[in-house]
Amino acid sequence: MKRQLVAGRRVRVVLWTLAALSPFAGCATMDSPSGGLNKLAGGDPAAALTQPAAPAPTYTVEVRAQNSKPAIKTMQLTGPTPVQQALEQSGATKRFRRMHVTVMRSSGDERHKLELKIDPNLGTIKPEYDYAVMPGDHLVVTENTATVFNDMFKDVAPMFGRAARR
């Protein structure tokens, strides 16, 4: 029991000593008489608070219309933004009634291609494919020149193909 009391006193003495010496430790982040924040900001305490902010993250939207050059628009990413909202902000949804959308996303040295499916009735990206836009993403919007008849025959054509093989 006596050993525990002696050990407890030693711990308290060490802690009090460290607490008493901490103002003299020279930590550069403390505003101390020796400089602290002033050294980091070049001598001006107000400059430490007015450092330029990092540039806002961006993404690009490339709109490819039939028989014309692609238009590339760089947009700032202001927060969590789904692809549908990013397309609306860039004006790409007003360009075409029907479109194909692809997201090109870089991950380290690799570049991934995310194909998005559009709901043909609503003309919007299906919710399960409406990914969040990440900084550096490249959205490619291509005009879909197919018609409603193309969609109908695309769904019916496999049935005729199977019947002919039998």
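The values are calculated or read from the model by the stated rules, or taken from the named source; none is laboratory data. The structure presented is a predicted model; accordingly, all values stated were derived computationally and were not measured. Every residue, glycine as well, gets a Cβ built from its backbone with ideal geometry; the counts of neighbours run over all protein chains shown.
Return yes when T60 is outside any loop (DSSP other than H, G, I, E, B), at pLDDT 90 or above and of a type outside the set (A, V, I, L, M) and no when it is not. Outline the logic, then answer.
Numbers: outside any loop (DSSP other than H, G, I, E, B): yes; at pLDDT 90 or above: yes; of a type outside the set (A, V, I, L, M): yes.
Yes.
Considering only residues of the range 116-126 that are part of a loop (DSSP other than H, G, I, E, B) and either aromatic (F, W, Y) or on the phi < 0 side of the Ramachandran plot (or both), which is farthest from the chain's Cα centre (by Cα)?
Looking only at the range 116-126, we keep the residues that are part of a loop (DSSP other than H, G, I, E, B), and these are 117, 120-123, 126.
Keeping just the survivors that are either aromatic (F, W, Y) or on the phi < 0 side of the Ramachandran plot (or both) gives 117, 120-122, 126.
Numbers: K117: 20, P120: 27, N121: 29, L122: 26, K126: 20 Å.
So, considering only residues that are part of a loop (DSSP other than H, G, I, E, B) and either aromatic (F, W, Y) or on the phi < 0 side of the Ramachandran plot (or both), the one farthest from the chain's Cα centre (by Cα) is N121.
Can you tell me which residues in the range 117-136 are of a type in the set (D, E), exposed (fewer than 13 other Cβ atoms within 10 Å of the Cβ) and in contact with a helix residue (DSSP H, G or I) (Cβ under 9 Å, 6 or more places away or on another chain)? Steps first, answer last, please.
Kept after step one, since they are of a type in the set (D, E), are these residues of the range 117-136: 119, 128, 130.
Keeping just the survivors that are exposed (fewer than 13 other Cβ atoms within 10 Å of the Cβ) gives 119, 128.
D119, the sole residue that qualifies.
With the condition kept exactly as written, say whether any residue in the range 89-105 is free of Cβ contacts under 8 Å to residues at least 12 places away in the same chain and either more than 17 Å from R64 (Cα to Cα) or surrounded by 14 or more Cβ atoms within 10 Å (Cβ to Cβ) (or both).
no
Only one of these conditions is not met by A146: (1) under 22 Å from I72 (Cβ atoms); (2) in a loop (DSSP other than H, G, I, E, B). Which number is it?
Condition (1) is where A146 drops out.
Taking the range 96-140, which residues are farther than 23 Å from T78 by Cα and among the hydrophobic types (A, V, I, L, M, F, W, C)?
Listed by number, the residues that qualify are F96, M99, I118, L122.
Quick one: is P52 modelled with pLDDT under 90, in contact with a helix residue (DSSP H, G or I) (Cβ under 8 Å, 6 or more places away or on another chain) and not hydrophobic (A, V, I, L, M, F, W, C)?
Working: modelled with pLDDT under 90: yes; in contact with a helix residue (DSSP H, G or I) (Cβ under 8 Å, 6 or more places away or on another chain): no; not hydrophobic (A, V, I, L, M, F, W, C): yes.
So P52 does not fit the description; no.
Would you check which residues across the range 61-82 are farther than 16 Å from H138 by Cα and surrounded by 10 or more Cβ atoms within 10 Å (Cβ to Cβ) and list them?
A65 - this is the single residue of the range 61-82 that is farther than 16 Å from H138 by Cα and surrounded by 10 or more Cβ atoms within 10 Å (Cβ to Cβ).
Quick grid of which residues meet (1) assigned to a loop (DSSP other than H, G, I, E, B); (2) at pLDDT below 90; (3) touching a Ser or Thr at 6+ places or on another chain (Cβ under 7 Å):
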site: I72; (1), (2), (3): no, no, yes
site: Q84; (1), (2), (3): no, no, yes
site: Q89; (1), (2), (3): no, no, no
site: K94; (1), (2), (3): no, yes, no
site: V103; (1), (2), (3): no, no, no
site: H112; (1), (2), (3): no, no, no
site: E128; (1), (2), (3): no, no, no
site: M152; (1), (2), (3): no, yes, no
